[in-house]
1. Mind telling me which of the residues 322, 296, 292 ends up being under 20 Å from residue 68 (Cβ atoms), surrounded by 24 or more Cβ atoms within 10 Å (Cβ to Cβ) and either touching a helix residue (DSSP H, G or I) at 6+ places or on another chain (Cβ under 7 Å) or touching a residue at least 24 places away in the same chain (Cβ under 8 Å) (or both)?
2. Given (1) at pLDDT 75 or above; (2) within 20 Å of residue 363 (Cα to Cα), identify the lone condition not met by residue 158.
3. Given the options 344, 257, 331, 261, name the one that is closer than 18 Å to residue 48 by Cβ and in contact (Cβ under 8 Å) with a residue 40 or more places away in the chain.
4. For residues in the range 304-319 being closer than 11 Å to residue 40 by Cβ and within 14 Å of the chain's Cα centre (by Cα), which is surrounded by the fewest Cβ atoms within 10 Å (Cβ to Cβ)?
5. Would you pick out the residues in the range 274-289 that are free of Cβ contacts under 8 Å to residues at least 60 places away in the same chain and under 24 Å from the mean Cα position of the chain (by Cα)?
6. Any idea which of 59, 144, 113, 52 is within 24 Å of residue 326 (Cβ to Cβ), part of a helix (DSSP H, G or I) and under 20 Å from the mean Cα position of the chain (by Cα)?
7. Would you mind stating whether residue 107 is surrounded by 14 or more Cβ atoms within 10 Å (Cβ to Cβ), within 28 Å of residue 387 (Cα to Cα) and in contact with a helix residue (DSSP H, G or I) (Cβ under 7 Å, 6 or more places away or on another chain)?
8. Can you tell me which residues in the range 259-273 are on the phi > 0 side of the Ramachandran plot and over 28 Å from the mean Cα position of the chain (by Cα)?
């Protein structure tokens, strides 16, 4: 037959047109498979594109003066971020077309790669007081670790099944491996990433059926140990002090938060206007990364901060709907983890810049400067889109035409 190709969703019936005649022989050239995005996946693509485009504009405004003061062109950070976005778009497309079920088989190699790269990062030169990068500042292994934790914990959760309700046979392997990653993160030092890994593990395990009583008991045991470790990390204690009692904290510690509040407060309802903010003139350190939402609050006002918060809330809504409709228990847990880490990181970032949370150093997904972070976030969003897609077989002569839909 001629005309539009016929399609079925993995044998679940044909969508439109006539089905192939019974017994008819079809050559490989007359059959192809494709992924058709569901409505939630399409909405996720739209939200991602909108936030990314907005983020590039915000980044240029927040970084132009900093770049020129460093002897670069005003678009220096923007151009590098666009390069990352281009690579990320390719990674997104690959992930969206790659069957996400394959990650279950790749969970252990991905975890070993994460452990190896985070270990190597500890022997790299210090940048801004920590050892978090490889290849200069091109690769941040702890970002890969987020994806590694999600995939590995989801895989082992499904494999353990009912054993999750037992502490030693069920939860102990998770505590050992994720605990190792936490130690590597603390040694960088990056306490916020260590806490994020642990929280990701807990959320996925809870979604997979682990007993809540075990988490309460482990939390009661771990809190004194974590507090003792935090007391040894002077920067962590100073950040907590600046949050709970800003007046008693050294000015060098509370300065970022104070300037962030000045920026957000001066923005009022609608902001001072794009490119008219003053914090990028050197008042606020790293206005293009750790505190980029301050620029949004200053130049776009409460409306801008509310819009970006609602955008990530919508991301969470569609991401969790994808998780609920996922085609396997493993993909359900992966979708929960990917959605949770993206939304939580965004809300923590916004919470920090408005003074609701202690300074964490977490960036704003799709907006903050950082190519490795941007590439990985676009890639994981592609994985989420694949989970929200359905695989179809297309029949007919026009099946060989990639422009046919």
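The values are calculated or read from the model by the stated rules, or taken from the named source; none is laboratory data. Treat the numbers as computed from the prediction; the structure is a model and nothing was measured. Virtual Cβ from ideal backbone geometry, glycine too; neighbours counted across all protein chains shown.
1. Residue meeting the stated conditions: 292.
2. For residue 158, the exception is condition (2).
3. 344
4. This residue is 315.
5. 285, 286
6. One residue alone meets the criteria, 144.
7. Judged against the criteria, residue 107 is a match.
8. Once the filter is applied, which keeps residues that are on the phi > 0 side of the Ramachandran plot and over 28 Å from the mean Cα position of the chain (by Cα), the range 259-273 yields 268, 273.
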